[in-house]
Structure formats: C-alpha cells, structure tokens
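There's a structure below that I have some questions on.
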Amino acid sequence: MGICWSSWSSSPTTPTPTSTRLSSGGVSQTASNGTSSGSGNTNSSKGSNISGNSQFSAASGDDSFSNPNGQILPTPNLRIFSFAELKLSTKNFRSDTVLGEGGFGKVYKGWLDEKKTGKSGSGTVIAVKKLNSESLQGLEEWQSEINFLGRLSHPNLVRLLGYCLEDNELLLVYEFMQKGSLENHLFGRGAAVQPLAWEIRLKIAIGAARGLAFLHTPDKKVIYRDFKASNILLDGSYTAKISDFGLAKFGPSASQSHVTTRVMGTYGYAAPEYVATGHLYVKSDVYGFGVVLVEILTGLRALDTNRPSGRHNLVDWIKPYLNDKRKLKSTMDSNLEGKYPSKAAFRIAQLALTCLESEPKNRPSMSEVVETLERIASSNERTLEPRNRANNRRPVSSRRHGQQQPLQYRSPLHPQPDGGQSYRNSPRVR
C-alpha cells in the first residue's frame, strides 16, 4: 500500500472535561466535556471524539482482530467505561489488585461482568491504568494511547479495550497479560520469577520484532520511541506484545529522513542521534531493539550504576564481546545454564551489533530483523547441554543485579524517576 496521509476529522475524538487542564512538556490542553459523570456508558466510542490529528492512511480489509498481518481499523473500536464500573471491577482500586506503578499512575487487575457470575474475582480479566493526579505524563500520553492503540490491530501489540473519562479521572483498560513483562523475567527475583529458556527468549524477540515491523510499514510509519524490556508484555503462551504508546509519534513524510522533537524516552535505550540532536528516525527504534537483544542474551540491564565503573551502560562496554565468540560466551546470561545453541547466540549478537550502529542508515529495517530472527529460529540448531554448569557461571561482579531498580526516565532533558515498578515496568502477576 502506498503512502496516503489523511486527517480523519470524521473519526471519533476523545471527550475531555472543561475542568481538566493538564500540561506535558509545556503543551497545555483544554477541551469540552462530552460525557456526564457516572453515566455508566458502556457503548463503543462511535460518535465520541478522539483526535483530529491522525495521519494513518485509509485502511482496507475487514476489521477482525485476528488478522495475522495486522491492520489499521477504520475507526477506533473502543468501549467507553464508566468510572463506577472500573471501580467495581478493581474492588474499589484496592491495594491487593495493584499490578504495579509507573510515571502515569498505578495499574490494577480487574474483572468484568462479575454480576453475571455472582463470584468475586471472576469474569474477564483486565488491566486498568489509572492516572495519578500528580502525574507529569497525563492527558497527552493518555490521548496518544487511544489514538494509536485504538486503531492499530496486530497480534504483537497489546490490545486496548477502552477508556474512561469522567471529571478529572483518566483511565485506560487493556487486555490482561498473564506473564507480565520481559523485564520482570530477565531481571526479577523471587520464586515466582522463572528464568526464560532459550527457545522462549527467541520467540519473544521475534514477536516484538514483528510488532515494531508492523508499526514501521509505509502505510503507518509509526515511531514507537520507547522500546525497552519493560514495555514488552507476555501472554500466557509467552507471545510478546508491545505496550505503552504514550510516546509514539508519526514518522517523517516520504520527502524527509526524520522528524525533530523534544527528546523523551529511557536512558540506555534511546538512540544516540536522537539524544544528541532530537532528530528521530524510524530506525531510532531499531537501536532500542538492539539494546533489548543484548539484554536477552546477557541478562544484564541496559543501565545499571551498581556495575563496576566503565560498565554502567551495557552497550558501551558489551560491543567488543558481541563480535567475539569466546567473549560472548563469558557474558551470556547465567540463568541459561549453558543451555543454548552457541551458533544461534552468536548470530543474534551479530544482528544486535548491526542494530546498534551509530548511523541510522547503517541499521537494518525491522522487516530485515524479523527475517534474520526467523531464519535463526528455523535452523533448529540443537540446544547444548553444558558439560559442567559451574564453568558456565560468570563472575559475580559481571552478572546482573536482579535486585537493582532500573534507572528509567521518560525524558533525558527533564529526568523524572519512575517512582516504582509498574505494569509497564515489572508487573507483579497475581
């Protein structure tokens, strides 16, 4: 499909109350109220107002969510929830339903349609993200989630089910992801956290790559801008789904190479050209994907100030190891216990290096990344059993610090600590 940019003024736009005036990055937004508080409206968003700025090209085909190649829905297919309904589903936002907390606010586990079953904790399981009144991310990122996830449908993108806006309450409702985040599995601790086998790591990498490749296709050209392990959520079968589109932006037009924007994202994952100049390329996402590939291989965080001096930034010190088979072996995640195909691991390390090229033009496209990963997966190289597990352990000083909190800020220019683990950043699955 060719590029056909258009504005969907006839599409729904998100109702916002006159009493809400939030700012993000110096942008203040005020809009009129389109719903009544406590209305209990659970209809689809047809006729409501989402945003007049969408640049998606016209979508074709049916609007089934099962399309394996993904699609752009003609209009957002979102349910409008009442605040009372979500309050009930989360047991009045009770503390024991909290999945985590991030810069946007807390995320709760909820259950829909409990009235039909008559049982507490039954019905359809959902994840409810509730804006903290003191959040600096606020309305702008809430709208971005609706604008993108409300119309983008793909097996490797988390499904946004609906939203709620009543008075000053902003909430988003997602499908519940049973296995939590990739970050939690790589860096979490405790009996509930199970180390990921090699085959599952490869499956996750392929799924996440497919999600990004879908976003980068010409008829969408969406730059995700905050690709990291905590934003990759896993369903019950370890299918990877990209979540949190609060920082997503439309990519450059056909005549441009990049868009210029205020620098936002996460230290350790953001591409160097973006951090240095504010120039955002489609392939800036590829750099972030390369960082996650290295995390998958090593079990080390992208940024950890508790590592020895000179090793705080994973990419800075790990690059020479990725191009040497023996050095790579010494840095592989000890939780794998040597049970991985060395040739496949080295090929993935080589792929990561190309993704981490300093010049965007030298990085592969995400479609090329998908093809490479799929070839590696189809090679069916036998997983190696270690002769001596003790020899596969790397020194404690170079292993990951599972107990350490990630240094993740939403804006390098205006760093704000995340304040805790979130459904986006290490969900606790209950």
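Picking from E199, E169, which residue would you name as being assigned by TED's automatic domain parsing to the domain that holds R225 and either under 16 Å from the mean Cα position of the chain (by Cα) or not hydrophobic (A, V, I, L, M, F, W, C) (or both)?
Details: E169 fails: assigned by TED's automatic domain parsing to the domain that holds R225.
Only one candidate qualifies: E199.
A further question follows. Which residues, taken from region 227-239, are surrounded by 24 or more Cβ atoms within 10 Å (Cβ to Cβ) and either among the aliphatic types (A, V, I, L, M) or in a loop (DSSP other than H, G, I, E, B) (or both)?
F227, K228, A229, I232, L233, L234
From the residues in region 246-256 that are touching a residue at least 40 places away in the same chain (Cβ under 8 Å) and in contact with a strand residue (DSSP E or B) (Cβ under 8 Å, 6 or more places away or on another chain), which one is farthest from H216 (Cα to Cα)? Talk me through it step by step, then tell me what you get.
Quick first cut of region 246-256, residues touching a residue at least 40 places away in the same chain (Cβ under 8 Å) only: 246-248, 250, 253-254.
Those still in the list that are in contact with a strand residue (DSSP E or B) (Cβ under 8 Å, 6 or more places away or on another chain) too: 248, 250.
On the way: A248: 12, F250: 10 Å.
Only one residue tops the list, namely A248.
Does T277 satisfy the criteria of being under 18 Å from S358 (Cβ atoms), hydroxyl-bearing (S, T, Y) and in the same structural domain as A344 (by TED's automatic domain parsing)? Please lay out each step first, then the result.
Details: under 18 Å from S358 (Cβ atoms): yes; hydroxyl-bearing (S, T, Y): yes; in the same structural domain as A344 (by TED's automatic domain parsing): yes.
The answer is yes for T277.
Tell me the residue from L186, L160, L172, L152 that is out of contact with any Lys or Arg (no Cβ under 9 Å at 6 or more places or on another chain) and of a type outside the set (S, T, N, Q), please. Steps first, answer last, please.
Details: L186 fails: out of contact with any Lys or Arg (no Cβ under 9 Å at 6 or more places or on another chain); L172 fails: out of contact with any Lys or Arg (no Cβ under 9 Å at 6 or more places or on another chain); L152 fails: out of contact with any Lys or Arg (no Cβ under 9 Å at 6 or more places or on another chain).
Exactly one residue qualifies, and that residue is L160.
Counting just the residues of region 207-226 that are hydrophobic (A, V, I, L, M, F, W, C) and more than 24 Å from G138 (Cα to Cα), which one comes out surrounded by the most Cβ atoms within 10 Å (Cβ to Cβ)?
Quick first cut of region 207-226, residues hydrophobic (A, V, I, L, M, F, W, C) only: 208-209, 212-215, 222-223.
Filter once more, so that each one left must be more than 24 Å from G138 (Cα to Cα): 208-209, 212-214.
On the way: A208: 30, A209: 27, L212: 25, A213: 21, F214: 23.
Top of the filtered list is A208.
Somewhere in region 255-265, is a residue modelled with pLDDT of 95 or more, buried (at least 18 other Cβ atoms within 10 Å of the Cβ) and small (G, A, S)? Spell out how you get there, then give the answer.
Residues of region 255-265 that are modelled with pLDDT of 95 or more, as a first pass: none.
Scanning region 255-265, I find no residue that is modelled with pLDDT of 95 or more, buried (at least 18 other Cβ atoms within 10 Å of the Cβ) and small (G, A, S), so the answer is no.
Okay, moving on. If I ask for residues that are buried (at least 24 other Cβ atoms within 10 Å of the Cβ) and at pLDDT below 85, which ones from region 104-137 would you list?
Within region 104-137, just F104 meets the criteria.
Still on this structure: Among the residues of region 139-155, count how many are over 17 Å from T217 (Cα atoms) and of a type in the set (S, T, Y). Break it down stepwise before answering.
First, pick out the residues of region 139-155 that are over 17 Å from T217 (Cα atoms): 139-147, 150.
Checking the rest, the ones that are also of a type in the set (S, T, Y) come to 144.
Qualifying residue count, region 139-155: 1.
Another question about this same structure. Go through S144, S153, S133, S181 for me and flag whichever is over 16 Å from the mean Cα position of the chain (by Cα) and touching a residue at least 12 places away in the same chain (Cβ under 8 Å).
Values: S144 fails: over 16 Å from the mean Cα position of the chain (by Cα); S153 fails: over 16 Å from the mean Cα position of the chain (by Cα); S181 fails: over 16 Å from the mean Cα position of the chain (by Cα).
Within the list S144, S153, S133, S181, the selection yields S133.
To continue, here is another question. Scan region 182-202 and give yes if some residue there is at pLDDT 95 or above and small (G, A, S), otherwise no.
yes
Assuming P155 fulfils every condition listed in (1) out of contact with any Phe, Trp or Tyr (no Cβ under 8 Å at 6 or more places or on another chain); (2) within 18 Å of L73 (Cα to Cα); (3) not assigned by TED's automatic domain parsing to the domain that holds W111 apart from one, which condition is it?
With respect to (1) out of contact with any Phe, Trp or Tyr (no Cβ under 8 Å at 6 or more places or on another chain); (2) within 18 Å of L73 (Cα to Cα); (3) not assigned by TED's automatic domain parsing to the domain that holds W111, P155 is out only on (3).
Condition first: outside any loop (DSSP other than H, G, I, E, B) and under 10 Å from the mean Cα position of the chain (by Cα). Can you find one or more residues in region 242-259 that meet it? I'd like the intermediate steps shown before the answer.
Taking region 242-259 as the starting set, the residues that turn out to be outside any loop (DSSP other than H, G, I, E, B) are 242, 249-250, 259.
From the residues that got through so far, the ones that are under 10 Å from the mean Cα position of the chain (by Cα) too are 242.
For region 242-259, residues outside any loop (DSSP other than H, G, I, E, B) and under 10 Å from the mean Cα position of the chain (by Cα): present.
Counting only residues that are polar (S, T, N, Q) and either at pLDDT 95 or above or outside the structural domain of S257 (by TED's automatic domain parsing) (or both), which one in region 359-396 is surrounded by the fewest Cβ atoms within 10 Å (Cβ to Cβ)? Quick ask: steps written out before the conclusion?
The initial filter retains those residues of region 359-396 that are polar (S, T, N, Q), namely 362, 365, 367, 372, 378-380, 383, 388, 391-392.
Within this subset, residues satisfying the condition of being either at pLDDT 95 or above or outside the structural domain of S257 (by TED's automatic domain parsing) (or both) are 362, 365, 367, 372.
Values: N362: 11, S365: 15, S367: 15, T372: 18.
Top of the filtered list is N362.
Do the conditions hold for K220, that is, is it assigned to a loop (DSSP other than H, G, I, E, B) and in the same structural domain as S284 (by TED's automatic domain parsing)?
Yes, satisfied.
The values are calculated or read from the model by the stated rules, or taken from the named source; none is laboratory data. Quantities reported herein were computed from a predicted structural model and do not represent experimental measurements. We place every Cβ from the backbone using ideal geometry, glycine too, and count neighbours over all the protein chains shown.
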